Amino acid sequence: MAVLIEAIEIKRKMFFEFEGAPYHCVDVDVSKPTARGGQTLVRIKMRNLLTRAVFDKTFKAGEKFSEPDLAVISATYLYADSDGYHFMDQETFETLTLRADTIGDDRELLVDNLAVQIQKYNGNPIGVQFPPHVELMVTDTEPGVRGDTASGGVTKQATLETGLSIRVPLFIKEGEKVKVHTETREFAGRA
C-alpha cells in the first residue's frame, strides 16, 4: 500500500503523484481562513515531471496524494548523438538514454563526465537533476579594458563551451573556467 500524503503536508521540492503522473512541488502557499467554518486551502506551484509543464493548482488541505514510484540514481554524462543524451549509471554501469526533448535547455549545462542524478519513474528515465554548480570553459568573450567602469559590478557577455551565453565580470578571459548556477544560469565565480 502506497503512503498517502495530505496536501497540507506537501513542502517545496517534494514529489507526489496527481492524476496518474509524477509532480515536483516548486512552491507552496497555505491560506488559512479567517472566518469560522472556512476551509484551509493549499496552493501548489507544481511541475509535471513527464511533460515539464509548470502550473498552479489549489487543493483542500485534506486532499491526499500517493507517493510516485520515483527512483533517483547517480550517473555520469557520456555523450550525445541522434538517439539522445547518454549517461552511465554509477552502480550498474549500464547506459541510460534520455531524449532531446526530455533534456530541453538543460543540454547547455552538460559537459563530459558531469555527475548528475537521473530520475526514473516506473523504471524509465524521465529527467536529470544537476548539482548546484557546473564548471564550464569560456570560449568567447570581449576583453575587459581597465577603466571601463567607475565602480564594480559591470559585466560582459560570454559564450561557454556548451553554447550557453551568460554575463560575467570584466576580469574573466577566454580559456578560463567559471562556475555557473544550474538553477538560475548565472555566473557563480571562477572555477
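The values are calculated or read from the model by the stated rules, or taken from the named source; none is laboratory data. Everything numeric here is computed off the predicted structure, so don't read it as measured data. For neighbour counting, all protein chains shown are included, and Cβ atoms are generated from backbone atoms with ideal geometry for every residue, glycine included.
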Criterion first (surrounded by fewer than 11 Cβ atoms within 10 Å (Cβ to Cβ) and β-branched (Val, Ile, Thr)) does THR92 satisfy it? yes
Checking the structure you have, find out if any residue of segment 93-107 is among the small types (Gly, Ala, Ser) and either closer than 25 Å to ARG47 by Cβ or assigned by TED's automatic domain parsing to the domain that holds THR51 (or both). yes
Scan segment 78-88 and give yes if some residue there is of a type in the set (D, E, K, R), within 28 Å of LEU110 (Cα to Cα) and assigned to a loop (DSSP other than H, G, I, E, B), otherwise no. yes
Which ones in segment 99-127 are in a loop (DSSP other than H, G, I, E, B) and closer than 14 Å to SER74 by Cα? ASN113, LEU114
Scan segment 49-61 for residues that are at pLDDT 90 or above and not aromatic (Phe, Trp, Tyr) and jot them down. VAL54, ASP56, LYS57, THR58, LYS60
Selected residue [in contact (Cβ under 8 Å) with a residue 60 or more places away in the chain, of a type outside the set (D, E, K, R) and closer than 30 Å to ALA71 by Cβ] from THR102, THR162, THR182: THR182
Would you confirm whether any residue within segment 51-65 is under 14 Å from GLN119 (Cα atoms) and either surrounded by 12 or more Cβ atoms within 10 Å (Cβ to Cβ) or among the aliphatic types (A, V, I, L, M) (or both)? yes
Total residues in segment 39-48, condition over 16 Å from GLU63 (Cβ atoms) and either outside any strand (DSSP E or B) or touching a helix residue (DSSP H, G or I) at 6+ places or on another chain (Cβ under 9 Å) (or both): 0
Determine, yes or no, whether VAL42 is β-branched (Val, Ile, Thr), more than 20 Å from PHE130 (Cα to Cα) and under 19 Å from the mean Cα position of the chain (by Cα). no
Residue satisfying all of: in segment 95-131; polar (S, T, N, Q) and farther than 19 Å from ARG185 by Cβ; surrounded by the fewest Cβ atoms within 10 Å (Cβ to Cβ) among these: ASN113
Segment 1-14, subset outside any strand (DSSP E or B), touching a residue at least 24 places away in the same chain (Cβ under 8 Å) and surrounded by 14 or more Cβ atoms within 10 Å (Cβ to Cβ), residue nearest to the chain's Cα centre (by Cα): ILE10
How many of the residues making up segment 15-38 are surrounded by 10 or more Cβ atoms within 10 Å (Cβ to Cβ) and within 16 Å of ALA53 (Cα to Cα)? 11
Unique residue being among the aromatic types (Phe, Trp, Tyr) and out of contact with any Leu (no Cβ under 6 Å at 6 or more places or on another chain) when the list is PHE15, PHE65: PHE65
Search result, residues across segment 27-57 that are in contact (Cβ under 8 Å) with a residue 24 or more places away in the chain and among the aliphatic types (A, V, I, L, M): VAL30, VAL42, ILE44, MET46, LEU49, LEU50, VAL54
